[in-house]
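Accompanying notes for the structure given below.
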Amino acid sequence: MSIGVFDSGVGGLTVHHRLVERFPQADFVYLADQANAPYGGKTGEEIVALTRAGCERLFAEGCDVVVLACNTAASVALRRLQQTWLPGYRKQIGRPVNVLGIVVPTIEAATGLPWEHEPEDLGEKIEKVEIIGVFSTPATTNSRVYEIEVDKRRGDVAVFSEPCPELARMIEAGASREELKAVIEGHVQALTKRIGRSPDRAILGCTHYEYVADLFREALPAGLPVIHQPEATADALQRYFERHPEFSPGTGAVRRFLTTGQPGAQHSLVEAFWGGPLSFEKA
């Protein structure tokens, strides 16, 4: 058995890279739905259908656990798939499988609390509200998942999201750093203006943005803490396997990369991040 990692494109490789470091002997299959990327501007029904198709393909490839390394898919589709599709699908294929996301680990990292934590009634004890800025795709922003779930757990933390409609597409297409820098600076300025000041912390709420994390750090105030989803996801997956010994990540260190788009080598930004040449098979 192996671990599946799914994304609309190459953004999920930032999570995949950290998972490979955390589980070096595990078997991995990565699937990029580049034929349908980006997901950020699609309807909820389209995102659910595409995400389900991606999970089915990874399960067919022998994966027992699929990580949705895509904020849009995790925000819009994950809960619905877990509640309405997975129970029947497990019976259909006759084996235990599961789909996990990256939003829950990110919220745990942002709040410092486990997902199951029962919030306390802080009442009048709140003296200062910390502000977290989230940079994400429009679909993730519109889902308001970060605002809703953080507010459930921390009454002393407020979330402001900034939709970045073109950024994931630009990264996917290998845009120049000068172009990316200008767009990122514009979104940081827009969020700062809306809040009335800089956020206290930031979340890069699209895995594509990890490729340009340094440009976000340059645009944000010096030293402002940034929550990185790959590390949070690796921590959460390790805890998941400890709680669920029925799932094994494999031991052969297999690495496969599939795409619904154009197979072959990826652009220089992706390969520089990965640390070497990277070629995709046709899904």
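Observations, loosely collected:
- Restriction of the trypsin sites (Lys or Arg not before Pro) in segment 170-206 to DSSP coil positions whose beta-carbon has at most 13 other beta-carbons within 10 angstrom yields Arg197.
- Note, ³J(HN,Hα) from phi for segment 70-80, Karplus 6.51, -1.76, 1.60, rounded to Hz, x at Gly and Pro: 9, 4, 5, 5, 5, 6, 8, 9, 4, 4, 5
- Cut-off 12 Å between beta-carbons: net charge of the residues surrounding Ala32, Lys and Arg +1, Asp and Glu -1: -1
- When only the Cβ of Lys, Arg, Asp and Glu is charged (+1, +1, -1, -1), the dipole of the chain relative to its Cα centre reaches about 500 debye.
- Net charge, Gln229 excluded, C-beta distance under 13 Å - Lys, Arg +1, Asp, Glu -1: -4
- Shape of segment 1-159, Cα gyration tensor, a/c cut at 1.5: prolate
- Seen from Val66, the other residues with C-beta closer than 14 Å to its C-beta sum to a net charge of -1, counting Lys and Arg as +1 and Asp and Glu as -1.
- By definition, a body whose alpha carbon gyration tensor gives a ≥ b ≥ c is oblate when a/c is 1.5 or more and a/b is not larger than b/c, and segment 156-239 fits this oblate description.
- Under 5 Å, built H, 5+ apart or other chain: amide partners of Arg255: Phe28
- Karplus-derived 3J(HN,Hα) values for segment 269-279, using 6.51 cos²θ - 1.76 cosθ + 1.60 with θ = phi - 60°, are 4, 5, 5, 5, 5, 5, x, x, x, 9, 10 Hz; glycine and proline are entered as x.
- For Asp64, the residues whose modelled amide H falls within less than 5 Å of its own, excluding neighbours fewer than 5 places apart on the same chain, are Ser2, Gly4.
- Gain on full stretching of the segment that runs from Arg22 to Phe160 - 0.36 nm per residue minus C-alpha separation: 46.6 nm
- Checking (i) 52, 46, 35; (ii) 118, 38, 31; (iii) 63, 46, 39 against Cα extents along the principal axes in Å calculated from these atoms, the matching label is (i).
- For segment 70-210: rounded, prolate or oblate by the Cα gyration tensor [a/c cutoff 1.5]: oblate
- Estimated purely from DSSP H runs of n ≥ 4, each contributing -39500 (n - 2.57), the mean residue ellipticity at 222 nm for the chain is -12500 deg cm²/dmol once divided by its residues.
- The GluC sites (Glu not before Pro) of segment 195-266 that DSSP puts in a loop, and whose beta carbon has at most 14 other beta carbons within 10 Å, are Glu246.
No lab work stands behind these numbers, since they all come straight from the coordinates. What you see is a predicted model, and the numbers here were worked out from it, not measured in a lab. All Cβ positions, even for glycine, are placed from backbone atoms using ideal geometry, and neighbour counts span all protein chains on display.
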